[in-house]
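Reading through the structure tokens given below for one structure.
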Amino acid sequence: MEETVRWLTPEEQCAWRSFIRLHDRLRARLSRSLQTESNVSAADFGVLVELTDVPDGRRRFLDLARALEWEKSRMSHHIARMVKRGLVVRDECAEDGRGAFVVITDEGRAMIEAAAPRHVEAVRALFLDHITPAELRTLAQVSERVVEKLDEGTS
């Protein structure tokens, strides 16, 4: 039984390729900006953002991996490197001997507090300053809808 491939129309292909170019170039530029302006990698910044988004600055290791869409081994190696640099600590979970928390340190907070203003300026200069408020609302709606569908597939 052969499935019929739903090939992209020229309009869909143009939109998809434009989106991928935007995504790739924007991520690359923002990553370079973080590294050169704040001496922080995009991966470190992502971890620190996730930790500062919760009041106590601590998240379960596997929840953090899921939030970042990282494999367990990548998360483990990356967190080990961040621990060595004093940005986070691992805190074993008393209730679950196999579980652990990742907790932001004062050094980690200082790093993200120094990097965030420069990062926001880069986001504005590279992206937000080039779209209208209506386009921003549409982008948010489309992004939220697609992410919701993607999240349904992982539950």
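The values are calculated or read from the model by the stated rules, or taken from the named source; none is laboratory data. Worth saying up front: this structure is predicted, and the values here are computed from it rather than measured. Note: ideal-geometry Cβ built from the backbone for every residue, glycine included; neighbour counts use all protein chains shown. In case anyone asks, the SASA skips ligands and DNA or RNA and just uses the protein heavy atoms, side chains included. Shrake-Rupley method; radii C 1.70, N 1.55, O 1.52, S 1.80 Å.
How large a share of the accessible area of segment 1-76, in percent, is made up of carbon and sulfur atoms when the probe is 1.4 Å and the other protein chains stay in place?
51
So, for the chain, what is the accessible surface per residue at a probe of 1.4 Å, expressed in square angstrom?
75
Mind jotting down the three principal axis lengths of segment 1-127 based on Cα atoms? Whole angstrom, largest first.
53, 46, 24
Who wins for biggest fluctuation among 71, 113, 12 in a Gaussian network model of the chain, springs between alpha carbons below 10 Å?
Highest fluctuation of the listed residues: 12.
In percent, how large is the relative contact order of the chain, given Cα pairs closer than 8 Å and 6 or more residues apart?
22
Which trypsin sites (Lys or Arg not before Pro) from segment 48-155 combine a DSSP loop assignment with at most 13 other Cβ atoms within 10 Å? Before the final figure, lay out each step's value.
On the way: sites: 58, 59, 60, 66, 72, 74, 81, 84, 85, 90, 98, 109, 118, 124, 137, 145, 149; in loops: 85, 98.
Here the sparse-neighbourhood loop sites are 85, 98.
Could you work out how far apart the two model spin labels at residue 85 and residue 126 are, taking each label as a point 7 Å from the Cα in the direction of the beta carbon, and quote it in nm?
With each label point 7 Å from Cα toward Cβ, the separation is 1.7 nm.
Please state, as a whole number in µm²/s, the translational diffusion coefficient that the Stokes-Einstein equation yields for segment 1-41 at 10 °C and 1.306 mPa s, with Rh defined as the Kirkwood radius across alpha carbon pairs.
125
Charges on Cβ only, +1 for Lys and Arg, -1 for Asp and Glu, centred on the Cα centroid of segment 1-82; of 35, 51, 67, which one is farthest towards the dipole's positive end?
Of the candidates, 35 comes out farthest on the positive side.
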